[in-house]
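One structure is given here, and the rest of the page talks about it.
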Amino acid sequence: MALTMAGAAVDAWVEVAQNTIREGTEVDLSGSFQSFLHIDAALSSTTAHTGTRIIIETASSAADLEFWTPVQDFITCVGTANTEVFTATEPAGETVIAAASTTGYTAGLWAAVIDDTKANSEVVRVTSIVTDTSVTLQDPLKRQHTVDPVSALTNIAASYSIELPLGTLRARVLYVNTYDVDGSSIITRARAVTVTALS
């Protein structure tokens, strides 16, 4: 018997406005005996933010909407973002991003590129900084990001990998941006990895 692992998009990057809740896509996991959700988030404005709640729910029914149960509930993306608007188009493959202010950027931590087309945004890890000049990324950009329409680098971002309980039939993510009533908008996405057995 061979194990098969597969990853798939669940929720594309979408901006979640302040004081709104994004209900993520329901994922059918009935054919998987081990499942993971990978969740990314980043602040998309410079408004001070005391956090967004991320709630992961699983269902004990294959279809009934009554049986959702939270299995993870946490706060993410706390702080005031330094969003650095791109001063030049950054092509796919680039690792050095110009930044007039590097305040708040820390080597080893996550950041995010927020594209004007939110679905083209991406989470990146910072490896080094030249003060008030540039931020260097661990991995090259996957997509090109332009000046017009505007793209920006933000320093408040997070990425999580969460294993779901054995016996999960369905799962979804709730992105609850009501925790801070006067905080920032946020962009979020999720992917799922499933492990199945083939004879």
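The values are calculated or read from the model by the stated rules, or taken from the named source; none is laboratory data. Small disclaimer: the values here were computed from a predicted structure and weren't measured. Positions of Cβ are backbone-derived with ideal geometry, glycine not excepted, and every protein chain shown enters the neighbour counts.
Summary table
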read-out	value
Test result for Ala8, loosely packed, with under 14 Cβ neighbours inside 10 Å, closer than 25 Å to Val126 by Cα and either within 17 Å of the chain's Cα centre (by Cα) or not basic (Lys, Arg) (or both)	no
Per-region count, region 40-83, residues aliphatic (A, V, I, L, M) and under 29 Å from Ala98 (Cβ atoms)	6
Residue that is farthest from the chain's Cα centre (by Cα), among those in region 70-106 that are hydroxyl-bearing (Ser, Thr, Tyr) and surrounded by 14 or more Cβ atoms within 10 Å (Cβ to Cβ)	Thr102
Residues satisfying the stated conditions in region 107-133, i.e. small (Gly, Ala, Ser), surrounded by 15 or more Cβ atoms within 10 Å (Cβ to Cβ) and assigned to a strand (DSSP E or B)	Ala111, Ala112
The lone exception for Ala59 - which of (1) within 21 Å of the chain's Cα centre (by Cα); (2) outside the structural domain of Ile129 (by TED's automatic domain parsing); (3) surrounded by 15 or more Cβ atoms within 10 Å (Cβ to Cβ) it fails	(1)
Only one of Asn177, Asn120 that is under 24 Å from Gly51 (Cα atoms) and not assigned by TED's automatic domain parsing to the domain that holds Asp28	Asn120
Residue in region 187-194 that is over 13 Å from the mean Cα position of the chain (by Cα) and either exposed (fewer than 13 other Cβ atoms within 10 Å of the Cβ) or closer than 30 Å to Gly31 by Cβ (or both) present	yes
Hits in region 22-40 - residues which are of a type outside the set (Asp, Glu) and more than 15 Å from the chain's Cα centre (by Cα)	Val27, Leu29, Ser30, Gly31, Ser32, Phe33, Gln34, Ser35
Residues located in region 57-71, provided they are assigned to a strand (DSSP E or B) and more than 26 Å from Asp182 (Cβ to Cβ)	Glu57, Thr58, Ala59, Trp68, Thr69, Val71
Any pair with Cβ under 6 angstrom, 6 or more apart, that starts in region 121-132 at a residue that is within 18 Å of Ser44 (Cβ to Cβ) and ends at one that is at pLDDT 95 or above and basic (Lys, Arg)	Glu122/Lys142
Matching entry among Asp73, Asp28, Asp11, Asp40 (being at pLDDT below 95 and not assigned by TED's automatic domain parsing to the domain that holds Ile114)	Asp28
